[in-house]
Amino acid sequence: MRMKRLLIISVVTVTACKSPTPAEQMDSFQSWLATAEMVGEAWLRHSTPDKYSRQTLELSQETLLQISRDLLKSPPHSVDSAALDNALTDSRGHVALMARLIQAKDAPDFARELDSLRANQKVVRQLSGSIESRQ
């Protein structure tokens, strides 16, 4: 029984320490973009407080930055690294600007930035598909 527990703990530890694949990183990136989009939509509908929306977008931007750094340390060979870097950078920029626009209470510019984020999400989705199809 004790040996079985030790084996299970070892397997869990090794699995937990495994670096995410580029496809998993892209999935995480897309998930954070979707979070930013949902928060943006909620803020425009006045269904979330400014502070919560701004803080969530700031957290999203920080997390997107970390995922980008990790992903670009060794970019997947299946996509152009410059195109990937541009798409990730543009996404982070849209989210960061959205947070600042909440603070400024600038709904019209925020709505335009949210539309730009949505367009950029399509580019990220295409790049992610290229990564997944070649792994």
Relative to the longest principal axis of the C-alpha atoms of the chain, give the angle of the C-alpha long axis of helix 2-17, reported between 0 and 90° and rounded to the nearest 10°.
-> 40
Whole-percent carbon and sulfur contribution to the accessible surface of the chain (1.4 Å, no ligands, DNA or RNA) stands at 56
The local net charge around E24, scoring Lys/Arg +1 and Asp/Glu -1 for residues other than E24 whose Cβ lies under 14 Å from its Cβ, equals -2
From highest to lowest solvent-accessible area (probe 1.4 Å; ligands, DNA and RNA excluded), S28, S60 read S28, S60
Neighbour net charge for R125 - beta-carbon separation under 14 angstrom, K R +1, D E -1 = -2
Taking Cα atoms, the helix 22-44 axis meets the longest principal axis of the chain at an angle in degrees (rounded to 10) of 30
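The values are calculated or read from the model by the stated rules, or taken from the named source; none is laboratory data. Not measured: the values here are computed from a predicted model. Note that each Cβ is placed from the backbone with ideal geometry, even for glycine, and that neighbours are counted across all protein chains shown. Accessible surface is based on the protein model in full, side chains and every heavy atom, while ligands, DNA and RNA are left aside. Shrake-Rupley method; radii C 1.70, N 1.55, O 1.52, S 1.80 Å.
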